[in-house]
Amino acid sequence: MCGIVGYIGGREAYPILIKGLKRLEYRGYDSAGLALIDHSESLNVYKAKGKVSDLENAVEKNDTTGNIGIAHTRWATHGEPCQANAHPHYSASETLALIHNGIIENYASLKENLQERGYEFKSNTDTEVLVQLIEYFKNTETKDLLTAVQLALREVIGAYAIAVLDKNQPNLIIAARKSSPLVVGIGEDDFFLASDATPIVEYTDKVVYLNDEEIAVLKKGEKLKVVNLYNEEITAKEQIVKLNIGQLEKGGFPHFMLKEIYDQPECIRDCMRGRINMEGTNVILSAIIDHKERLLNARRFIIVACGTSWHAALIGKHLIESFCRIPVSVEYASEFRYSDPVVSSEDVVFAISQSGETADTLAAIELAKSKGAFIYGICNAVGSSIPRATHTGSYIHVGPEIGVASTKAFTGQVTVLAILALSLAKEKQLISQNDLEIILKELLIIPDKMAALLQKNAEIANLSAIFTYATNFIYLGRGYCYPVALEGALKLKEISYIHAEGYPAAEMKHGPIALIDAEMPVVVIATQNGMYEKMLSNIQEIKARKGKVIAFVTEGDNVISQIADYCIELPETIECLDPLITSIPLQLLAYHIAACKGKNVDQPRNLAKSVTVE
Ligand code: G6P
């Protein structure tokens, strides 16, 4: 979703802004733009539909000098993706330029008021309304940009992360946030601004994450000042980010997604580090130690999440209910927040999110908090909004995920959920030491098994090439692997634009079976577990209708290989950890089909990595 970058200091701003926008490309966008105040103090705005490279081509012959600038990638909400709707937006007099991530919900009434006062609009965006409103206050109430921004933001209902330039104050960027993320990087004698730390870490590791309704005043030669909408000064909390550039590069892989699939063995090791001892005899999750009473006495758990994180939540439910005997409900955050849910102070709400910025998940947290629930976050992006909004939590520690389609974050989430379930079961004395050790020892060797199955990459790539013709796919799984089927289908949809449905295998009889013919590929997860025989029957049902079965089975299975059209063997593991193995070949299948079809794997059309609007 929209990305923001800003720079003010002694260096040339343009290359920093362009590089920053490229670092944020993964968020998903459809147009890009930037504004610079040049050395002769004129304010230049450049915009282009399409990619950041299109913007670079568009500005090629123009003046890109200046030590102060703001830049933006736009993911369309109000108004189609086109040059006019791209940010930055000028104010009417062209003295102000503004970029915005979020949605101004009351933009229509604000616009009407401004139109009555003679303001004209060049775009269909809610953002242009905000810059005009700031200019209106600058013309009528104050000459000072900060005060005008404060007055305007007090009128706004909605979500925003903004940055504003004023050509009459060429040493100043005003930036503010509410519900959409914004980070200030503090350099030696300069400031950086971005939607997340990825464009900043190259220059400084010192950052300040703005909180809701905080405004950062970035002035050349002065210290960072943070105030609220009523101009009360706030002490900015400086933090050190631990990200290195290597984590943000492709490392020889053609796409971030493939790199991130291959990162999984190492990521899962990182995720378990310090939580499971080397001998596999003990498991500790610090959040559980710190909040033991609250968690052990919970009436029930509710997990809120979106997209891939919601699929991980379904596996979490299975793990927690099996091992801890605590009832768990899994809710789409977007539905939960508007459903008038029954939540009380005896409930614990888990919020799962890779980005830690998903607007619906954040809103679900606020709602549950207002009803007294204890909130536990499971996130990847360190320092993001969700970890800051929760009472406690566990990071998944898989490093930055750049490909829009989530891969290593999913297996990281499942790993943390398994650790969580085992830690709670241990605390509740519901698992014997022997059973605990069997699972912990297996978890410790899962990264090796992941690495072994990645050797199947070429086999899966060959298989994928056969299926580029398909316009539909069905994915089937049962038990722990039913959510894996949902996730496999989502991966394919997201990046190859092939319609795919995930189903619990037995439900197939109640509808999807009607779709099966000789053209229909059916992906079946049929590893050796308690559901094996049932899956076998389901495969027979598909074959009886001539469907093309692509089966993922346990190494050494010589039954399904006789029936299925294509069969990929996977390392054996214990049932509750099956998703950590079976999800990876499905990621590879989706990746190779999309790559064969020539799709933009890392930045699929219409999708955003970080969904900061509802
Ligand atoms: C977007 C992303 C998905 C992600 C979902 C939830 O749709 O494209 O990959 O699963 O948001 O995001 P979160 O960051 O909360 O896990």
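The values are calculated or read from the model by the stated rules, or taken from the named source; none is laboratory data. This one's a predicted model, so the numbers in the text were calculated from it and none came from an experiment. Cβ coordinates were reconstructed from backbone atoms using ideal geometry, including for glycine residues, and neighbour counts include every protein chain displayed.
Here is how the numbers come out for the structure above:
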| quantity | calculated |
| --- | --- |
| Residue ID - surrounded by the most Cβ atoms within 10 Å (Cβ to Cβ), chosen from residues in the stretch 484-519 that are touching a Pro at 6+ places or on another chain (Cβ under 7 Å) and touching a residue at least 40 places away in the same chain (Cβ under 8 Å) | 484 |
| Test: residue in the stretch 417-436 that is closer than 22 Å to residue 480 by Cα, within 16 Å of the ligand (Cβ to nearest atom) and either buried (at least 21 other Cβ atoms within 10 Å of the Cβ) or free of Cβ contacts under 8 Å to residues at least 24 places away in the same chain (or both) | yes |
| Enumeration of residues in the stretch 35-63 that are surrounded by fewer than 16 Cβ atoms within 10 Å (Cβ to Cβ) and in contact (Cβ under 8 Å) with a residue 12 or more places away in the chain | 39, 41, 42, 54, 62, 63 |
| Test: residue 127 is within 26 Å of residue 610 (Cβ to Cβ), modelled with pLDDT under 95 and not in a strand (DSSP E or B) | yes |
| Extreme residue, nearest to residue 359 (Cα to Cα), among residues of the stretch 1-21 that are in contact with a Lys or Arg (Cβ under 9 Å, 6 or more places away or on another chain) and crowded, with 20+ Cβ neighbours inside 10 Å | 1 |
| Condition check for residue 134: buried (at least 23 other Cβ atoms within 10 Å of the Cβ), part of a strand (DSSP E or B), of a type in the set (Val, Ile, Thr) and assigned by TED's automatic domain parsing to the domain that holds residue 105 | no |
| Selected residue [among the small types (Gly, Ala, Ser), within 16 Å of the ligand (Cβ to nearest atom), in a helix (DSSP H, G or I) and not assigned by TED's automatic domain parsing to the domain that holds residue 489] from 409, 351 | 409 |
| Listing of strands (runs of 3 or more DSSP E) fully contained in the stretch 24-86 that carry 2 or more residues being of a type in the set (Val, Ile, Thr) | 68-74 |
| Qualifying position, being of a type in the set (Asp, Glu), without any contact (Cβ under 8 Å) to a residue 60 or more places away in the chain, assigned by TED's automatic domain parsing to the domain that holds residue 187 and surrounded by fewer than 20 Cβ atoms within 10 Å (Cβ to Cβ), among 238, 293, 202, 279 | 238 |
| Among (1) of a type in the set (S, T, N, Q); (2) surrounded by fewer than 18 Cβ atoms within 10 Å (Cβ to Cβ); (3) part of a helix (DSSP H, G or I) - the single one residue 468 does not satisfy | (3) |
| Cross-chain or 6+ apart pairs with Cβ under 8 Å, the stretch 328-346 first and in the same structural domain as residue 295 (by TED's automatic domain parsing) and within 16 Å of residue 369 (Cα to Cα), then acidic (Asp, Glu) and in a strand (DSSP E or B) | 339/331; 341/331 |
| Single unsatisfied condition, residue 537 versus (1) in a helix (DSSP H, G or I); (2) of a type in the set (Gly, Ala, Ser); (3) crowded, with 20+ Cβ neighbours inside 10 Å; (4) away from the ligand (no atom under 16 Å from the Cβ) | (3) |
| Any chance residue 129 is closer than 23 Å to residue 212 by Cβ and in contact with a helix residue (DSSP H, G or I) (Cβ under 9 Å, 6 or more places away or on another chain) | yes |
| Which listed residue is surrounded by fewer than 19 Cβ atoms within 10 Å (Cβ to Cβ) and among the charged types (D, E, K, R), from 346, 357 | 346 |
| Considering residues of the stretch 564-601 that are surrounded by fewer than 22 Cβ atoms within 10 Å (Cβ to Cβ) and within 16 Å of the ligand (Cβ to nearest atom) only, the residue modelled with the lowest pLDDT | 600 |
| Residue 356 being within 14 Å of the ligand (Cβ to nearest atom) and in contact with a Lys or Arg (Cβ under 9 Å, 6 or more places away or on another chain) | yes |
| Residue match in the stretch 247-260 (condition: polar (S, T, N, Q) and buried (at least 17 other Cβ atoms within 10 Å of the Cβ)) | no |
| Members of the stretch 394-406 found to be at pLDDT 95 or above and crowded, with 24+ Cβ neighbours inside 10 Å, listed by number | 396, 405, 406 |
| Subset of the stretch 1-23 [assigned to a loop (DSSP other than H, G, I, E, B) and either more than 15 Å from residue 101 (Cβ to Cβ) or among the polar types (S, T, N, Q) (or both)] | 9, 10, 11, 12 |
| The stretch 331-343: number of residues that are more than 22 Å from residue 387 (Cβ to Cβ) and either near the ligand (Cβ under 9 Å from one of its atoms) or crowded, with 19+ Cβ neighbours inside 10 Å (or both) | 1 |
| Residue match in the stretch 374-390 (condition: in contact (Cβ under 8 Å) with a residue 60 or more places away in the chain, outside any loop (DSSP other than H, G, I, E, B), among the basic types (Lys, Arg) and surrounded by fewer than 23 Cβ atoms within 10 Å (Cβ to Cβ)) | yes |
| Among (1) away from the ligand (no atom under 16 Å from the Cβ); (2) within 22 Å of the chain's Cα centre (by Cα) - the single one residue 35 does not satisfy | (2) |
| Qualifying positions in the stretch 123-143 - in contact with a strand residue (DSSP E or B) (Cβ under 9 Å, 6 or more places away or on another chain), more than 13 Å from residue 95 (Cβ to Cβ) and β-branched (Val, Ile, Thr) | 125, 127, 129 |
| Qualifying residue in the stretch 442-451 (condition: closer than 24 Å to residue 160 by Cα and surrounded by fewer than 23 Cβ atoms within 10 Å (Cβ to Cβ)) | no |
